[in-house]
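Worksheet: one structure, shown below.
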Number of protein chains: 2
Amino acid sequence: MKAKIVITPKKAVLDPQGKTVQNALAYLGYQGVSAVHVGKYLEVELTGTDAAAARQALDEACHRFLSNPVIEDYRLEIVE
Amino acid sequence: MKAKIVITPKKAVLDPQGKTVQNALAYLGYQGVSAVHVGKYLEVELTGTDAAAARQALDEACHRFLSNPVIEDYRLEIVE
């Protein structure tokens, strides 16, 4: 079983890394990019088989430790 | 239109950030985690409507600039 976690800055929060990537893309000639948001991606490999328990544990871990809930949102997905 | 890009270290490459997260999860009492891989997530908002052209341009950008193809893999997905 595997969990995929995407952590992104909240829309209201300044994202200088995204802005930098956007400017770099424009500089390199890639047109039509209106915004870029840069976040983190975590893939967690799990030994258990109980998807509901894994979701609950990881949801808590995301909130407590993997993301900063003040400035970041996260999406958690359990696969397989 | 939006593009979602996930950049992960190749499986053969050492991932110290993932190892650190794995150790921290174990230390905090989260059992059953066999591996963690940490990567980057980019969300690119596009003004155009031609998905095929956008995919081609971003695929090139990923290869040239957004990822390091020596040590990283990327997945590109165009949505909407």
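The values are calculated or read from the model by the stated rules, or taken from the named source; none is laboratory data. Since the structure is predicted, the reported quantities are computational estimates derived from the model, not experimental observations. Here the Cβ is made from the backbone with ideal geometry for all residues, glycine too, and neighbour counts use every protein chain on show. Calculation scope for accessible area: heavy atoms of the full protein, side chains included, ligands and nucleic acids excluded. Shrake-Rupley method; radii C 1.70, N 1.55, O 1.52, S 1.80 Å.
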Item checked: Single unsatisfied condition, residue A:29 versus (1) at the interface with another protein chain (Cβ under 10 Å from one of its Cβ atoms); (2) closer than 28 Å to residue B:59 by Cα; (3) not in a loop (DSSP other than H, G, I, E, B) -> (3)
Check: Can you find even one residue in the stretch B:10-18 that is surrounded by 13 or more Cβ atoms within 10 Å (Cβ to Cβ), assigned to a strand (DSSP E or B) and not small (Gly, Ala, Ser)?
Finding: no
Notebook entry, point to check: Does the stretch B:32-67 hold any residues that are facing chain A (nearest Cβ under 8 Å) and open to solvent by 70 Å² or more (accessible area, probe 1.4 Å), and which are they?
Noted result: B:40, B:47, B:64, B:65
Item checked: Count - residues of the stretch B:56-80 that are over 12 Å from the mean Cα position of the chain (by Cα), in contact (Cβ under 8 Å) with a residue 12 or more places away in the chain and under 15 Å from residue A:29 (Cα atoms) -> 2
